[in-house]
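Q: Have a look at this one before I ask anything.
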Amino acid sequence: MTPLNRAIVVAIISLLAIHSRGEAQTNTPANTGIITGRVVDSSTNTPISAATVDVKLAGAKASTARAVTASDGSFRVEGLQSGRYSIRIRALGYTPRPLAPIELRLPSSNYDVGTVVLNAAPVQLQSLQVTGQRQEVQLAPDRNTYIVRDMPTTRGGTALDVLRNVPAVDVDIDNVVSLRGNTGVIIQINGRPSPLKPAQLGNFLAQLPADIVDKVEIVTNPSARDDPEGIAGIINIVLKEKPEAGKSGGLTLGGGTTGQMNVGGNVGYEQGPLSFYGSYGFLRDNRLRKDSVFRENLYQNPMTFLDEGGTRRQIPLMHTLTGSLDYTPSASDALSFETVYTTRVEAETYSVLYRDLNTTRDLAGLSDRFVRGTNHVSSRRCLTSTISWTRDTSSRASFASPATAKAAPRV
């Protein structure tokens with residue numbers, strides 16, 4: 001026999017041996033037990049599909065085998081060894097049912113538990129609490145609202161710093177507020193127009209700590225009730241006046257490299273129809289301002305020039321106290337009292353250097369106006385209080401009695 005024929009014969013014998021061994025293993029009976037049964041509804045006697053059947057060997061912590069019922073409610077658990085087993089059947093919307101323990105004895109043991117009925121049970125779901133956060137910018141047909149209570153760029157600043165971060169609003173070096181480049185704007189505090197002039201209003205806003213401002217509303221097209229003729233729009237600064245449910249409070253500390261220090265605190269209380277909110281803010285700053293003026297004297301021949309350089313240092317000390325008391329005896333009636341008290345003491349040092357220049361702009365004379373220390377101290381106090389009663393009906397009626405007291409500046 002040639003080597004090629006010998007290799008062919010060996011390969012054929014090997015294949016026949018493997019086939020015979022596999023057939024022998026296939027025909028060998030499995031030495032395991034089987035548990036079968038059927039699960040139905042106790043009231044309608046209809047099959048329950050997708051029910052879970054847990055089979056656990058006595059003494060074991062985890063399930064030994066598991067099966068799921070078919071569409072006709074039947075189940076079949078295979079591959080079980082000899083021993084004592086407990087069976088537990090459960091389905092969504094039904095009370096779980098444990099069965100009496102059964103005993104499996106091999107080599108051949110098939111056990112049918114028969115028809116198992118489950119009682120329907122209501123499913124109690126856990127409550128779901130969804131927490132949402134109000135958007136920082138709210139656009140509406142009549143106004144744009146900017147939520148600034150958590151604006152990081154205004155921490156430790158004033159209400160003017162808040163306005164500087166609101167789109168379309170600008171604050172110049174003299175604290176004059178403008179809207180889209182127009183200074184003819186009405187500033188409101190909590191929806192009430194301020195009677196102060198632009199320069200005085202800027203100083204007032206510089207006394208309000210940023211942490212008591214809740215939001216800023218921009219009305220670029222006021223309605224007829226606001227008498228919009230000749231104004232660029234309305235800026236409504238809404239202060240934090242609504243306390244959280246129960247008791248609340250907060251404290252804010254801030255500082256800056258210019259010597260700025262800001263301290264703010266607030267407390268709130270709400271119980272039933274009565275609510276109270278109060279806040280206090282203190283601000284100290286130390287800012288240096290420089291200005292330069294160059295003048296030409298056209299009345300002299302030859303023409304001369306005057307170059308002015310000024311340095312101003314302002315150190316304001318500002319205190320702001322706000323409070324609100326609301327009483328709502330019913331859903332349609334509300335009685336409220338609001339007050340804002342501010343005081344400002346400012347120390348100011350100002351020096352000017354005059355440089356007289358001749359026709360060729362050479363220095364011809366030098367003089368100054370300078371006082372060491374403080375040459376100007378101003379003190380301002382302002383108290384604004386409002387009592388209002390509002391009834392919310394189809395024909396809304398309201399009554400407001402503002403009482404405003406101001407102390408004249410002392411120089």
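The values are calculated or read from the model by the stated rules, or taken from the named source; none is laboratory data. For clarity, every value in this text was computed on a predicted model and none was experimentally measured. No Cβ is skipped: glycine too gets one built from the backbone with ideal geometry, and neighbour counts run over all protein chains shown.
Q: Run Gln25 past the list (1) modelled with pLDDT under 85; (2) surrounded by 10 or more Cβ atoms within 10 Å (Cβ to Cβ) and report the number of the one that doesn't hold.
A: Gln25 satisfies all of (1) modelled with pLDDT under 85; (2) surrounded by 10 or more Cβ atoms within 10 Å (Cβ to Cβ) except (2).
Q: For the range 338-349, state whether one or more residues are assigned by TED's automatic domain parsing to the domain that holds Thr390, under 19 Å from Asp368 (Cβ atoms) and in contact with a Gly (Cβ under 8 Å, 6 or more places away or on another chain). Even if it seems obvious, please write down each step before you answer.
A: Initial filter on the range 338-349 (assigned by TED's automatic domain parsing to the domain that holds Thr390): 338-349.
From the residues that got through so far, the ones that are under 19 Å from Asp368 (Cβ atoms) too are 348-349.
This time we only want the ones that are in contact with a Gly (Cβ under 8 Å, 6 or more places away or on another chain), so: 349.
For the range 338-349, residues assigned by TED's automatic domain parsing to the domain that holds Thr390, under 19 Å from Asp368 (Cβ atoms) and in contact with a Gly (Cβ under 8 Å, 6 or more places away or on another chain): present.
Q: Could you tell me which of the residues Val53, Val39 is in contact (Cβ under 8 Å) with a residue 60 or more places away in the chain and either outside any loop (DSSP other than H, G, I, E, B) or among the basic types (Lys, Arg) (or both)? Give the steps one after another, and end with the answer.
A: Values: Val53 fails: in contact (Cβ under 8 Å) with a residue 60 or more places away in the chain.
Unique residue meeting the criteria: Val39.
Q: A further question on this structure: Return the residues of the range 309-359 that are among the β-branched types (Val, Ile, Thr) and closer than 30 Å to Arg192 by Cβ; say none if nothing qualifies.
A: Correct list: Thr320, Thr322, Thr328, Thr339, Val340, Thr342, Thr343, Val345.
Q: Restricted to the range 280-337, and to residues that are closer than 30 Å to Asp214 by Cα, in contact with a Leu (Cβ under 6 Å, 6 or more places away or on another chain) and not hydroxyl-bearing (Ser, Thr, Tyr), which residue is modelled with the highest pLDDT?
A: Looking at residues that are closer than 30 Å to Asp214 by Cα, in contact with a Leu (Cβ under 6 Å, 6 or more places away or on another chain) and not hydroxyl-bearing (Ser, Thr, Tyr), I get Phe337.
Q: Before we move on, is Ser275 among the small types (Gly, Ala, Ser), touching a Gly at 6+ places or on another chain (Cβ under 7 Å) and at pLDDT 80 or above? Step through it out loud before you land on a result.
A: Values: among the small types (Gly, Ala, Ser): yes; touching a Gly at 6+ places or on another chain (Cβ under 7 Å): no; at pLDDT 80 or above: yes.
The answer is no for Ser275.
Q: Criterion first (within 27 Å of Thr44 (Cβ to Cβ) and either out of contact with any strand residue (DSSP E or B) (no Cβ under 8 Å at 6 or more places or on another chain) or touching a residue at least 12 places away in the same chain (Cβ under 8 Å) (or both)) does Leu128 satisfy it?
A: On the way: within 27 Å of Thr44 (Cβ to Cβ): no; either out of contact with any strand residue (DSSP E or B) (no Cβ under 8 Å at 6 or more places or on another chain) or touching a residue at least 12 places away in the same chain (Cβ under 8 Å) (or both): yes.
When the stated conditions are applied, Leu128 does not pass them.
Q: Let me ask another. Restricting attention to the range 257-290, report how many residues are assigned to a loop (DSSP other than H, G, I, E, B) and surrounded by 13 or more Cβ atoms within 10 Å (Cβ to Cβ).
A: Narrowing the range 257-290 to residues assigned to a loop (DSSP other than H, G, I, E, B): 257-260, 272-273, 285-286.
With the extra rule that they be surrounded by 13 or more Cβ atoms within 10 Å (Cβ to Cβ), the set shrinks to 260, 273, 285-286.
Adding up the residues that qualify gives 4.
Q: Right, another one. Which fully enclosed strands (runs of 3 or more DSSP E) of the range 123-215 have 1 or more residues being modelled with pLDDT of 80 or more and either in contact with a Pro (Cβ under 8 Å, 6 or more places away or on another chain) or more than 17 Å from Asn236 (Cα to Cα) (or both)? Let's see the steps before the verdict.
A: Working: elements: 137-139, 144-147, 169-171, 177-179, 185-189.
Because the criterion is at least 1 residues that are modelled with pLDDT of 80 or more and either in contact with a Pro (Cβ under 8 Å, 6 or more places away or on another chain) or more than 17 Å from Asn236 (Cα to Cα) (or both), the strands (runs of 3 or more DSSP E) in the range 123-215 that meet it are 144-147, 177-179, 185-189.
Q: Scan the range 338-386 for residues that are assigned to a loop (DSSP other than H, G, I, E, B), loosely packed, with under 13 Cβ neighbours inside 10 Å and modelled with pLDDT under 80 and jot them down. Full working, then the answer.
A: Initially, the range 338-386 is screened for residues assigned to a loop (DSSP other than H, G, I, E, B), giving 358-362, 370-375.
Right, trim to loosely packed, with under 13 Cβ neighbours inside 10 Å and you get 359-362, 370-373.
Matches in the range 338-386: Phe370, Val371, Arg372, Gly373.
Q: Which one is nearest to Thr220 (Cα to Cα), of the residues in the range 143-187 that are basic (Lys, Arg) and over 19 Å from the mean Cα position of the chain (by Cα)? So that I can check it myself, show each step before the final result.
A: Here is the first cut: in the range 143-187, the ones basic (Lys, Arg) are 143, 149, 155, 164, 180.
Narrowing further to those that are over 19 Å from the mean Cα position of the chain (by Cα): 143, 164, 180.
Working: Arg143: 7, Arg164: 17, Arg180: 9 Å.
That would be Arg143.
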